[in-house]
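Engineer: Mind looking over this structure? Questions follow.
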């Protein structure tokens, strides 16, 4: 370097000056386009086939290449980031680690692809994740589906940034990751924002599209009614969802899940257990505090964030005395992030070009990709088996001529001559001859010959199967559909997000806004797992066999959309529930399936040990409400309930007694039915029970023997084709371990008796049995359900009235029938089985 004040050294003799005159605007335009291209295709937008951005794909591929599978231990995230950055993604460690963190967050991904160990942040991004040197990770079980069969030539590979490594252009993706986990990214001039969905629903839609390539959007929305967000909550407004599924763009509102409960002996509060997608508790707490300080919202005395690892999310908003908690909650929905808008913008790369996709297009791109993956995998496997069969054929030739082969080898001067002579004498290929030479003598036994012949048959059979798949488009599609079904059977989980129609929550816009929803007739449904929902009586009900298996119905009440129903508890209380507060089943759902319902605990406050046994009408309806207690008391009460109270008693219970069943009667011609633990059944007309006032304690319903109690109470129309189900067991066995007997009998076999009599025998106990665990009577066909709502097959053959039934293969938690006639106008109803547990 020249000293200050001195002249610069002269240029070398061979120096030639070359100054290029470049227009600044052209240079800026070209550089910006290059930058925009890089951001769009290499950073921000996912591929529509596997739903991954390049950095996410490189993370999963590298972790699989490192052997970080679910059955291995966790390793430092810094090690994974270094591997990805050094070989495949030269864009900085922070971008890689941020993408890796998101793949591990269960509140961001519906099916997390990375199994994280350590602090990976918090809901809504309120807390930052720990540094990569402190956290550990490995692939999740779902991620193994993304890279499954990647080593079987299922996808194309390309050179990495410096040409020294190879990376996949796309992953095989054994499930529709783009729809299941969604995506978000901001490119140059475009952006993407996709909502997560339920794996089981998306796979069902994909399989339907495979079987019906011309399926319409309405057909697919029967399986995918809306997004299923990882944080649960509720979606308000199905119109925007349909717009998004049709055009690729739309908006809907997400709402927190909250309920009212007593937070102190003298005060009630609002408890928030689920927040809208991407909203964190600190953001909600900060906004509520600002509103309270600015006096824009009143009635809140305290706010506590009790969220922890054990109980999950729990925000408790304490309400001052004199304020209505429901009204305060409506204001919170209107003014705080407890209700947010989610904008869907389904932009993804298709054949290397960014496109805005609807639901059908996204499913079609994935199905085409999966068909191509399975086709290439089948070709690879067939080629491997053909190569192996070629070697096996050569080895069998050697075994059949073992003495000649050994003599040829011994007489050859070297290995090359031995190979040439084997090829000439036994008409072998070069590969076969070399394989024979490489095979040790211990493999040339008679036992190995039998093994080789068996292997040859197996290889021939597998080659024929693979050839049949490759030569038939129908079989190829069947393989893809079957593999998707297997994935759904193992990995699908119940829906977390409840779908609500927008009109049902119009009042949340402002506390004084009148309700705009029409007061149309509707049905309120309650299932055995404690789900409540409403559906219009004009909605088409399914024919037998079309119902999607989920749950059995316990109670159905006819009311109006702006009316109220009463939830009857085992303590003899009736609690008012606004019908508008109940989720409305979407038009694409089958009404008897309450997969879109909400737990009854969101609408009623129950004491310890108390549970809801049924629902009833609060207005004049049929012959009133019939109740049966554990100690054999029956009561019929007409709907003359106080209008100024949210809860009240409907029966005066004796000490130790409780209500086991509550049913809304359509007429006095119906039978009231008691079934006891000692297997006695009593039926008599409801007209034999005169109506009583609310405080009354009822009258004798059935005469019980010593130690017996009522296990089920309900009503049956004698004009129906009805059945009686009884399940026996041991009273000393632990819950869930019963191995008793189950019997389905014709209801007509049980004669009617007088009120307060002992009834007739309904079940004969076998050795080791001394009680009825569960019983039910109602309209056919009968359905059984497990504790999680999944269907259980019941005996098809009818048993004798006093028979013992068949051996119970698995525990049955509830029994019920289909919707039966509710009113002469054609509405339908169902009285069900076991009460809904809380």
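Engineer: Out of the residues in segment 279-301 that are touching a strand residue (DSSP E or B) at 6+ places or on another chain (Cβ under 9 Å) and over 16 Å from residue 337 (Cβ atoms), state the one that is surrounded by the most Cβ atoms within 10 Å (Cβ to Cβ). Before you say what the answer is, go through the steps one by one.
Structural biologist: If we filter segment 279-301 for residues that are touching a strand residue (DSSP E or B) at 6+ places or on another chain (Cβ under 9 Å), which is where we start, we get 279, 281-282, 284-285, 288-289, 291-292, 299-301.
So of that shortlist, the ones also over 16 Å from residue 337 (Cβ atoms) come out as 299, 301.
Values: 299: 19, 301: 14.
In this case the residue turns out to be 299.
Engineer: Going residue by residue through segment 563-581, is there one that turns out to be part of a loop (DSSP other than H, G, I, E, B), modelled with pLDDT under 85 and surrounded by fewer than 24 Cβ atoms within 10 Å (Cβ to Cβ)?
Structural biologist: Here is the first cut: in segment 563-581, the residues part of a loop (DSSP other than H, G, I, E, B) are 563, 570-572.
Next cut, modelled with pLDDT under 85 only: 563.
Filter once more, so that each one left must be surrounded by fewer than 24 Cβ atoms within 10 Å (Cβ to Cβ): 563.
Among the residues of segment 563-581, at least one is part of a loop (DSSP other than H, G, I, E, B), modelled with pLDDT under 85 and surrounded by fewer than 24 Cβ atoms within 10 Å (Cβ to Cβ), which makes the answer yes.
Engineer: Take the residues in segment 717-742 that are more than 19 Å from residue 810 (Cα to Cα) and more than 35 Å from the chain's Cα centre (by Cα); name whichever of them is modelled with the lowest pLDDT.
Structural biologist: 720
Engineer: Something else now. Please pick out the residue among 623, 617 that is within 29 Å of residue 262 (Cα to Cα) and either assigned by TED's automatic domain parsing to the domain that holds residue 789 or modelled with pLDDT of 85 or more (or both).
Structural biologist: Matching residue, one of 623, 617: 617.
Engineer: Here's another thing I want to ask about it. With the structure loaded, tell me whether residue 306 is without any contact (Cβ under 8 Å) to a residue 12 or more places away in the chain and surrounded by fewer than 20 Cβ atoms within 10 Å (Cβ to Cβ) or whether it fails that test.
Structural biologist: Taking the combined requirement at face value, the residue satisfies it.
One line per residue, one yes/no per condition, for (1) free of Cβ contacts under 8 Å to residues at least 24 places away in the same chain; (2) within 19 Å of residue 813 (Cα to Cα); (3) not assigned by TED's automatic domain parsing to the domain that holds residue 715:
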residue	(1), (2), (3)
744	no, yes, no
749	no, no, no
755	no, no, no
761	no, no, no
768	no, no, no
785	no, yes, no
792	yes, yes, no
799	no, no, no
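Engineer: Shifting gears a bit: Can you pull out the strands (runs of 3 or more DSSP E) entirely within segment 109-224 that have at least 3 residues that are over 30 Å from residue 244 (Cα atoms), touching a residue at least 60 places away in the same chain (Cβ under 8 Å) and in the same structural domain as residue 284 (by TED's automatic domain parsing)?
Structural biologist: In segment 109-224, no matching strands (runs of 3 or more DSSP E) lie anywhere.
Engineer: Could you list, in sequence order, all residues of segment 225-273 that are surrounded by fewer than 23 Cβ atoms within 10 Å (Cβ to Cβ), at pLDDT 90 or above and in a loop (DSSP other than H, G, I, E, B)?
Structural biologist: 230, 232, 248
Engineer: Something else: Taking residue 94 as the residue in question, decide whether it is buried (at least 16 other Cβ atoms within 10 Å of the Cβ) and at pLDDT below 95.
Structural biologist: no
Engineer: Here are 140, 149, 122, 62: which of them is surrounded by fewer than 20 Cβ atoms within 10 Å (Cβ to Cβ) and closer than 26 Å to residue 369 by Cα?
Structural biologist: Only one candidate qualifies: 149.
Engineer: Exactly one condition in (1) at pLDDT below 60; (2) closer than 30 Å to residue 230 by Cβ; (3) in contact with a helix residue (DSSP H, G or I) (Cβ under 8 Å, 6 or more places away or on another chain) is false for residue 548; which is it?
Structural biologist: Only one criterion is unmet by residue 548, namely (3).
Engineer: Show the residue pairs meeting these rules: Cβ distance below 7 Å; 6+ apart or different chains; first residue within segment 719-742 and within 21 Å of residue 707 (Cα to Cα) and in the same structural domain as residue 778 (by TED's automatic domain parsing); second residue part of a loop (DSSP other than H, G, I, E, B) and at pLDDT below 75.
Structural biologist: So the pair list comes out as 729/738.
Engineer: Shifting gears a bit: Which numbered condition in (1) in contact with a helix residue (DSSP H, G or I) (Cβ under 9 Å, 6 or more places away or on another chain); (2) within 30 Å of residue 175 (Cα to Cα) is the only one that residue 369 fails?
Structural biologist: The one condition residue 369 does not meet is (1).
Engineer: Further question: Under the condition of being under 17 Å from residue 227 (Cα atoms) and outside any helix (DSSP H, G or I), which residue from segment 353-368 is nearest to the chain's Cα centre (by Cα)?
Structural biologist: Residue satisfying both the conditions and the ranking: 358.
Engineer: Looking at 634, 604, 673, which one is assigned to a loop (DSSP other than H, G, I, E, B) and surrounded by 15 or more Cβ atoms within 10 Å (Cβ to Cβ)?
Structural biologist: 604
Engineer: While we're here: Mind listing just one residue for me: the one in segment 401-419 that is free of Cβ contacts under 8 Å to residues at least 12 places away in the same chain and in a helix (DSSP H, G or I) and, of those, farthest from residue 459 (Cα to Cα)?
Structural biologist: 411
Engineer: Right, something else. How do the pairs read when you match residues in segment 321-332 that are assigned to a loop (DSSP other than H, G, I, E, B) with residues anywhere that are at pLDDT below 90, using Cβ under 6 Å and keeping only pairs 6 or more apart or on different chains?
Structural biologist: 323/299
Engineer: Let me ask something else about it. If residue 187 satisfies every condition in (1) within 19 Å of residue 249 (Cα to Cα); (2) out of contact with any strand residue (DSSP E or B) (no Cβ under 6 Å at 6 or more places or on another chain); (3) buried (at least 24 other Cβ atoms within 10 Å of the Cβ) but one, which is the exception?
Structural biologist: It is condition (3) that residue 187 fails.
Engineer: Also, quick follow-up: Is one or more of the residues making up segment 377-399 surrounded by fewer than 20 Cβ atoms within 10 Å (Cβ to Cβ), in contact with a helix residue (DSSP H, G or I) (Cβ under 9 Å, 6 or more places away or on another chain) and closer than 30 Å to residue 194 by Cβ?
Structural biologist: No, there is no match, as no residue in segment 377-399 is surrounded by fewer than 20 Cβ atoms within 10 Å (Cβ to Cβ), in contact with a helix residue (DSSP H, G or I) (Cβ under 9 Å, 6 or more places away or on another chain) and closer than 30 Å to residue 194 by Cβ.
The values are calculated or read from the model by the stated rules, or taken from the named source; none is laboratory data. Since the structure is predicted, the reported quantities are computational estimates derived from the model, not experimental observations. Note that each Cβ is placed from the backbone with ideal geometry, even for glycine, and that neighbours are counted across all protein chains shown.
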